[in-house]
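Below is one structure, written out as structure tokens; comments come after it.
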Amino acid sequence: MWGRQREASSMYKRLPSRDCTNTVDLEENSDLLQNVMSPETSSPPWRLSFPHVLVATISSFLFGYHTGVVNEPLESISVDLGFSGNTLAEGLVVCTCLGGALVGALLSGWIADGVGRRRAFQLCALPMIVGASMSATSKSLAGMLLGRLFVGTGMGLGPPVASLYVTEISPALVRGTYGSFIQIATCLGLMGALFIGIPVKETAGWWRICFWVSTIPAAVLAVAMVFCAESPHWLYKRGRTEEAEAEFEKLLGGSHVKVAMAELSKSDKGDDTDTVKLSELFYGRHFRVVFIGSTLFALQQLSGINAVFYFSSTVFKSAGVPSNLANVFIGIANLTGSIIAMVLMDKLGRKALLLWSFSGMAGKEGALKY
């Protein structure tokens with residue numbers, strides 16, 4: 001997978017951007033790509049961008065962790081904070097972070113374009129640290145809900161920026177594989193939350209430790225981003241061409257900088273003609289793509305997987321199944337699917353994986369009725 005060769009002219013594609021003042025005129029330098037299309041430059045090394053991708057996926061790890069952190073400890077939390085048996089309060093503890101995530105997701109694009117990808121990650125880590133600390137030290141339901149709300153804003157901001165950042169810094173040869181790392185990190189975070197919640201029934205106040213632990217990867221994300229490369233695409237849009245070239249050198253190697261910059265210039269030439277209005281997302285040429293993408297996400301949510309992540313311990317307990325063991329198997333199954341997708345992503349393509357996975361989901365939903 002790592003060694004497959006592709007054309008240099010397609011090794012680093014991106015969506016059109018705007019507001020770049022220092023562009024390279026590709027037509028005036030029509031032989032630029034031919035001059036650099038030597039065998040050694042046809043496939044940028046994946047190892048240079050790999051550490052930057054790993055740091056970015058910490059945000060997805062945190063998303064998965066906070067998704068499952070209240071699964072096992074929810075009963076202990078309700079007892080300690082005085083709302084045991086109040087299903088409405090328990091539901092609020094679970095879903096308040098989703099309300100914050102909605103706000104964070106709505107602001108993610110604006111923040112990422114305004115302050116850059118690295119600072120967006122740091123802004124994602126900050127409410128997660130503050131919110132987790134508030135939840136860990138809360139003495140009442142209100143304090144817990146406020147902490148969960150803060151955490152949710154970071155949850156909503158991080159994954160969209162991670163997807164954007166990973167796409168922009170990855171060589172095309174491994175872009176699909178690197179994109180799978182985001183989902184794998186989410187699964188690992190969920191598994192981590194399920195595992196760390198196991199002692200909650202034997203150790204009083206352990207649920208507070210569960211929240212404190214999450215501040216460690218959040219702090220690592222904020223600090224490590226200082227040493228990561230900024231997105232060359234974002235720099236290029238701001239007219240900071242020299243800085244973009246320097247970041248490309250970090251991510252791809254010096255011999256690939258000219259091709260990468262040529263690709264940025266080529267895509268930027270279509271900015272004026274490719275400008276898309278917001279209304280075009282709801283009708284016209286872009287509606288089909290938006291509709292299909294939105295439907296796929298909606299179907300995934302309607303499958304009930306979130307209810308499993310949030311309330312599996314309660315469900316298994318009522319069914320007489322040991323929740324610790326059942327939760328472990330849920331995490332393993334989720335991670336296994338993500339690893340399979342990572343291995344097959346660049347071999348079979350996205351469409352084939354979507355068709356097979358959603359067919360499997362439909363079969364599962366049908367089997368549950370019998």
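The values are calculated or read from the model by the stated rules, or taken from the named source; none is laboratory data. Bear in mind that the values here come from a model prediction, so they are computed numbers and not experimental data. Cβ: placed from backbone, ideal geometry, glycine included. Neighbour counts: every protein chain shown.
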Name the residue, out of ILE111, ILE58, that is of a type in the set (A, V, I, L, M, F, W, C) and buried (at least 21 other Cβ atoms within 10 Å of the Cβ). ILE58
Here are some residues: ALA89, ALA120. Which one is surrounded by 16 or more Cβ atoms within 10 Å (Cβ to Cβ), under 25 Å from the mean Cα position of the chain (by Cα) and either under 16 Å from GLY143 (Cβ atoms) or not acidic (Asp, Glu) (or both)? ALA120
Could you tell me which of the residues SER313, SER318 is surrounded by 12 or more Cβ atoms within 10 Å (Cβ to Cβ), out of contact with any Lys or Arg (no Cβ under 8 Å at 6 or more places or on another chain) and modelled with pLDDT under 75? SER313
Which residues, taken from the range 82-106, are in contact with a Ser or Thr (Cβ under 6 Å, 6 or more places away or on another chain) and over 18 Å from LYS317 (Cα atoms)? GLY100, VAL103, GLY104
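Rundown of residues vs (1) closer than 14 Å to ALA56 by Cβ; (2) out of contact with any helix residue (DSSP H, G or I) (no Cβ under 9 Å at 6 or more places or on another chain); (3) not basic (Lys, Arg), yes/no style:
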| position | (1), (2), (3) |
| --- | --- |
| ARG119 | yes, no, no |
| GLY156 | no, no, yes |
| SER163 | yes, no, yes |
| CYS187 | no, no, yes |
Considering (1) assigned to a helix (DSSP H, G or I); (2) of a type in the set (D, E, K, R); (3) modelled with pLDDT under 90, say which one GLU72 fails and leave the rest. (1)
Which one is nearest to the chain's Cα centre (by Cα) among residues in the range 160-191 that are of a type outside the set (Val, Ile, Thr), modelled with pLDDT under 90 and farther than 20 Å from LEU48 by Cβ? GLN183
Note: among THR137, THR186, just one is among the β-branched types (Val, Ile, Thr), in contact (Cβ under 8 Å) with a residue 40 or more places away in the chain and buried (at least 18 other Cβ atoms within 10 Å of the Cβ), namely THR186
Every pair of residues 6+ apart whose Cβ atoms lie under 7 Å, when the first sits in the range 144-158 and is without any contact (Cβ under 8 Å) to a residue 40 or more places away in the chain while the second is surrounded by fewer than 24 Cβ atoms within 10 Å (Cβ to Cβ): LEU146/MET134
Give me a count of the residues in the range 209-239 that are part of a loop (DSSP other than H, G, I, E, B) and at pLDDT 90 or above. 4
Those residues of the range 140-183 which are crowded, with 24+ Cβ neighbours inside 10 Å and not in a helix (DSSP H, G or I) amount to SER170
Since ASN306 meets every condition but one in (1) modelled with pLDDT under 75; (2) more than 23 Å from the chain's Cα centre (by Cα); (3) surrounded by 12 or more Cβ atoms within 10 Å (Cβ to Cβ); (4) assigned to a helix (DSSP H, G or I), which condition does it not meet? (2)
Considering each residue of the range 189-226, count those that are among the hydroxyl-bearing types (Ser, Thr, Tyr) and touching a residue at least 60 places away in the same chain (Cβ under 8 Å), and give that number. 2
